[in-house]
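Undergrad: Got a structure for you, questions after.
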Amino acid sequence: MSDMRLIVAGAGGRMGRALVRAIAESKGAVLAGALEAPGSDLLGKDAGVLAGLPANGITLSADLWAMSKDADGILDFTVPAATIANVAIAAQRGLVHVIGTTGLSGSDNAVIKSVTNRAVVVQSGNMSLGVNLLAAVVRRVAKALDQTFDIEIVETHHRMKVDAPSGTALMLGQAAASGRGVTLDDHSERGRDGITGARRPGSIGFASLRGGTVAGDHSVSFLGPFERLTLSHQAEDRMLFAHGALKAALWAHGKAPGHYTMADVLGLSDI
Ligand SMILES: NC(=O)C1=CN([C@@H]2O[C@H](COP(=O)(O)OP(=O)(O)OC[C@H]3O[C@@H](n4cnc5c(N)ncnc54)[C@H](OP(=O)(O)O)[C@@H]3O)[C@@H](O)[C@H]2O)C=CC1
Ligand SMILES: O=C(O)C1=N[C@H](C(=O)O)C[C@H](O)C1
C-alpha cells in the first residue's frame, strides 16, 4: 500500500510542528499539505523548516480545498472554529479526519457527528495510550465505589493553553460519570470561588492549573471516608500526542465511515 498522504492543520502551532516531525520520522505516511489560518504571518513558509527539520517543499497555505485534492487524511489540532470549517471539506474530499482540538462546544460536536454517516472521523481529547488506559480504569473504579467517594479531577498545562478544563479532564470526567451511570452535564462542578457551600453529593469536580511548559498532567482522586485513591498520568512531551494522532490516521485509513475514538484505535473499547 502506498504511503498515506496527510495534511497537518495548524502546521505553525505547537502540535502542528510536532505532527510534521512525527510524519517525517515514521513509516507509512507522507506530508501532503500544511494548513494555517488565513492572514497568518507563517503562510508561504516551509513546514519542515518550521518544525526544525530540513526544508521539505511543503509550504503553509490557508486553502484546504486546493491542498486536499490528492490527500488521504488531515490531522487537526487547531481551534474549534477552524476544526468545524475543516469538517465539511474533509467529508467532501473523503479524508480521514483526526481531530485533537479541544474546547469544542456541544453544538460543535454535533456538527462533527453529523458527517460521520459518510466520513471517517477519529476524535479524542487525548491521543496517548496512557490517558486512554487511565480513562478505562477510572470508569471501572467509579463503578466500584459509591457516592461516599467524591470524585475530583485536577489538570495542569503550560501557560499558553487557552481552554479549561482540558479536553482530557472532560474525557476523564465522562469516564467517571459513565462508571457511575450518570451524565457529566448534570454532575460536573467547575471553578469554585467564594462561599460555595458544601460539596454537592455525587458531583464531579474540576480544577485547572496553568503555568510553565507542562505538556499535560491529569489526576483523578476518589476521596472517601478515611481513605483516598488517586490515579494520575503525566505527559512528558507533546510528541506523544503527535505519534498517537499519526497512529490513529493510519488505523482509520480505509475504515468504514463512523465516529471513532482513540480507545477504538488502541483496542481499549471493551475494557
Ligand atoms: N487531543 C490531544 O491529544 C491534544 C490536543 N491538543 C489540542 O490541540 C489544539 C492545538 O494545541 P496547540 O498546538 O498547543 O495550540 P497552538 O495555538 O500552538 O496551535 C494552533 C494552531 O492552529 C492555527 N489556526 C488557527 N486558526 C486556523 C485555521 N482557520 N486554519 C488553520 N490553522 C489555524 C493557529 O494559528 P494562529 O496562531 O495564527 O491562530 C495555530 O498555529 C488545542 O485545542 C489543544 O488543546 C493539544 C495536544 C494534544
Ligand atoms: O493544549 C494542550 O497542550 C493539550 N491539550 C489536550 C487537552 O486539552 O487535554 C491534551 C493534552 O493534555 C495537551
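The values are calculated or read from the model by the stated rules, or taken from the named source; none is laboratory data. If you're wondering where the values come from, they're calculated on a predicted model, not measured in any experiment. Cβ sites come from the backbone with ideal geometry, for glycine too, and all protein chains shown count toward neighbours.
Undergrad: Read through the list (1) under 15 Å from the mean Cα position of the chain (by Cα); (2) in the same structural domain as residue 223 (by TED's automatic domain parsing); (3) polar (S, T, N, Q), then give the number of the only condition that residue 147 fails.
TA: Going through the list (1) under 15 Å from the mean Cα position of the chain (by Cα); (2) in the same structural domain as residue 223 (by TED's automatic domain parsing); (3) polar (S, T, N, Q), residue 147 breaks only (1).
Undergrad: Is it true that residue 139 is basic (Lys, Arg), touching a helix residue (DSSP H, G or I) at 6+ places or on another chain (Cβ under 9 Å) and not assigned by TED's automatic domain parsing to the domain that holds residue 81?
TA: yes
Undergrad: Also, quick follow-up: Starting from segment 129-143, keep only residues that are under 14 Å from residue 222 (Cβ atoms), then list their pairs with residues that are modelled with pLDDT under 95 whose Cβ atoms are within a distance under 8 Å, requiring at least 6 positions of separation or different chains.
TA: 140/271
Undergrad: Do you know which of the residues in segment 204-253 that are surrounded by 14 or more Cβ atoms within 10 Å (Cβ to Cβ) and of a type in the set (D, E, K, R) is farthest from the chain's Cα centre (by Cα)?
TA: 210
Undergrad: Then there is this: Condition (residue is crowded, with 17+ Cβ neighbours inside 10 Å, more than 12 Å from ligand 2 (Cβ to nearest atom) and not in a helix (DSSP H, G or I)) applied to segment 125-136: is it met by at least one residue?
TA: The answer is no; no qualifying residue exists.
Undergrad: Specify the residue that is farthest from residue 66 (Cα to Cα); the eligible residues are those in segment 77-98 that are touching an Asp or Glu at 6+ places or on another chain (Cβ under 8 Å) and of a type outside the set (Gly, Ala, Ser).
TA: Across segment 77-98, the extreme among qualifying residues is 80.
Undergrad: Okay, moving on. In segment 1-25, which residues are under 15 Å from residue 251 (Cα atoms) and at pLDDT 95 or above?
TA: 3, 4, 5, 6, 23
Undergrad: Of all residues being in a strand (DSSP E or B), aliphatic (A, V, I, L, M) and surrounded by 22 or more Cβ atoms within 10 Å (Cβ to Cβ) in segment 137-156, which is farthest from ligand 2 (Cβ to nearest atom)? Just the residue, please.
TA: 151
Undergrad: Scan segment 103-124 for residues that are within 14 Å of ligand 2 (Cβ to nearest atom) and either aliphatic (A, V, I, L, M) or touching a Cys at 6+ places or on another chain (Cβ under 8 Å) (or both) and jot them down.
TA: 104
Undergrad: For segment 157-203, which residues satisfy the criterion of being buried (at least 19 other Cβ atoms within 10 Å of the Cβ) and away from ligand 2 (no atom under 16 Å from the Cβ)?
TA: 177, 179, 180
Undergrad: Return yes when residue 56 is under 30 Å from residue 191 (Cα atoms) and out of contact with any Pro (no Cβ under 6 Å at 6 or more places or on another chain) and no when it is not.
TA: It is false that residue 56 is under 30 Å from residue 191 (Cα atoms) and out of contact with any Pro (no Cβ under 6 Å at 6 or more places or on another chain).
Undergrad: Being within 16 Å of ligand 1 (Cβ to nearest atom) and farther than 19 Å from residue 128 by Cβ is the filter here; which residues of segment 141-163 pass it?
TA: Passing the criteria: 159, 160, 162.
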